Amino acid sequence: MKYYITTSIPYANAFPHIGFALEIVQADVLARYNREGGKEVFFLTGTDEHGLKIKKAAEEKGLSAKEFTDQVSGKFRELCSVLNISNTDFIRTTDEKRHKPAVEEIWEKMVESGDIYKRKYKGYYCSGCEAFVTEKDLVDGKCPNHQKEPEFIEEENYFFRLSKYLPELKKRMVRIIPESRKKEVLGYIKNGIEDVSFSRSKDKYFGFEVPQDPSQYLYVWADALLNYVSGIGYSFDKAKFNFFWPADVHCIGKDILKFHALIWPAMLLSLGLEMPKSIFVHGFITSEGKKMSKSLGNVVDPFEIIEKYGSDALRYYLLREIPSAEDGDFSIERFKKRYDTELASGIGNLVSRVEALKKKTGFGKTPSGIIKKEVKKAELKRNKAVESFKFGEALKSIWELISFCDKYIEENRPWEGGDNADQTVSDLNFAVDKIGELVSIFLPESSEKIKNRQTPLFPRI
Ligand SMILES: [Zn+2]
């Protein structure tokens, strides 16, 4: 069995923020869970390095686009590393060996099937979104995502015949998690879907050249979405590609649902490829109740948090505090509270306490039925929650087992060395082993520490 999971590929115009940390940690849990279940997992992430935003950001820094995206993309790789992300590969859309040949091959296929055509375009473009917008998308004449008036452009571009695939898309929509987001997609369809521009005039853009027409650059989305197939070998390893495609899950943020639920499946239909099995959509993270912005000075830097509290502490907060498919908030006070009560005094304290008890009593007895039942209960609840993409609930089920163990100690008082002390501590030792295994998909570093009984797990702050 195979499992192919992707994250979106963030624009390499700025260093990674906490929102992407959430997405990649969620994807990592799913990848680890499926690996644990014995599947062959391919977990792809990467960076999107084309488009006007990149060009502008590089110019502002006085760097070439290549120098600039090397830096930013490097920072995303570093985030994967410090967060203990178990990605299989990392694809950059400027990759000339793996990505570009796939993009060119696919473009030519779509031209051949008549799905790409040239026409004059007049309309609005939001460079913040890197997207063409219609009057319907605007609020008081401004892009609601960027509070900015879009620019009016008039040029001749290549278009993708999205409208042609509408009836088919209506008939078999990609599974969207959560269910509630499906309505949004149905809304787009109901309002009517127009063909999308897939290229931009070269003087105003930055990307790969349109094959056979060097006066145009490919529109960023026309090339970015293809990372999902180029990254697993579309142009260089057909066997690998055929094994892993279709994607089991695309993890994305709510702002790019339209591209993934409509444009991407339509492109796949045009190519005669299977559609992804599901799209998992997360919300946005605010900081102390407010939208994160440089001017407010409330941008949460994941590197700083990890440096101070460790990678598992951040992973825990993101998975436990932020509802997996809705908006959530990063508050340093709540972060510290969770760290203190659930990590340091919760799981950390239990492991240390059981280690201390083991020094006083034997612990070689077969685990009792009571403890085995509690462990099984936690495991089943965890699995069910992960399979429904409810990571907070999954962690809660493990923390219920931790609470059970704390109570078990209080009730049985093994430190007094009574008749049952050996059995109690053996049970607790067994539970700690299992807790270490159960947390491994969420908190890989702590899981390793528990296995080796390295204490303290989370030093007090
Ligand atoms: Zn915008």
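Structure above, values below:
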quantity	calculated
Number of the condition not met by Cys126 [criteria: (1) within 16 Å of the ligand (Cβ to nearest atom); (2) within 21 Å of the chain's Cα centre (by Cα); (3) not β-branched (Val, Ile, Thr)]	(2)
Residue check, Ser113 touching a residue at least 24 places away in the same chain (Cβ under 8 Å), over 25 Å from Gln26 (Cβ atoms) and within 16 Å of the ligand (Cβ to nearest atom)	no
Single residue of Val425, Val386 found to be touching a residue at least 12 places away in the same chain (Cβ under 8 Å), in a helix (DSSP H, G or I) and within 18 Å of Ile347 (Cα to Cα)	Val425
Checking Lys97 against (1) surrounded by fewer than 19 Cβ atoms within 10 Å (Cβ to Cβ); (2) in contact with a helix residue (DSSP H, G or I) (Cβ under 8 Å, 6 or more places away or on another chain), the condition it does not meet	(2)
Matching entry among Ala344, Ala356 (being within 24 Å of Thr455 (Cα to Cα), free of Cβ contacts under 8 Å to residues at least 12 places away in the same chain and of a type in the set (A, V, I, L, M))	Ala356
Residues that are part of a helix (DSSP H, G or I) and more than 20 Å from Phe244 (Cα to Cα), drawn from the range 27-53	Leu52, Lys53
Identity of the residue in the range 127-181, hydrophobic (A, V, I, L, M, F, W, C) and touching a Lys or Arg at 6+ places or on another chain (Cβ under 9 Å), that ends up nearest to Phe198 (Cα to Cα)	Phe159
Residue match in the range 259-269 (condition: of a type in the set (Gly, Ala, Ser) and in contact (Cβ under 8 Å) with a residue 12 or more places away in the chain)	yes
Pair list, Cβ < 7 Å and 6+ apart or interchain, from the range 125-143 residues that are free of Cβ contacts under 8 Å to residues at least 40 places away in the same chain and assigned by TED's automatic domain parsing to the domain that holds Leu52 to residues that are more than 8 Å from the ligand (Cβ to nearest atom) and hydrophobic (A, V, I, L, M, F, W, C)	Tyr125/Phe132; Tyr125/Ile153
Unique match (being in contact with a Lys or Arg (Cβ under 7 Å, 6 or more places away or on another chain), assigned by TED's automatic domain parsing to the domain that holds Glu23 and closer than 15 Å to Glu23 by Cβ) among Leu271, Leu257	Leu257
Residues satisfying the stated conditions in the range 129-160, i.e. under 18 Å from Trp221 (Cα atoms), among the aromatic types (Phe, Trp, Tyr) and more than 11 Å from the ligand (Cβ to nearest atom)	Tyr158, Phe159, Phe160
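Residue-by-condition table, conditions (1) within 29 Å of the chain's Cα centre (by Cα); (2) assigned to a helix (DSSP H, G or I); (3) outside the structural domain of Ala356 (by TED's automatic domain parsing); (4) in contact (Cβ under 8 Å) with a residue 12 or more places away in the chain:
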position	(1), (2), (3), (4)
Trp415	no, yes, no, yes
Ala431	no, yes, no, yes
Ser446	yes, yes, no, yes
Phe458	yes, no, yes, yes
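The values are calculated or read from the model by the stated rules, or taken from the named source; none is laboratory data. Here the structure is a predicted model, which is why all the values come from computation and not from measurement. In this analysis, Cβ positions are derived from the backbone assuming ideal geometry, glycine residues included, and neighbour counts consider all displayed protein chains.
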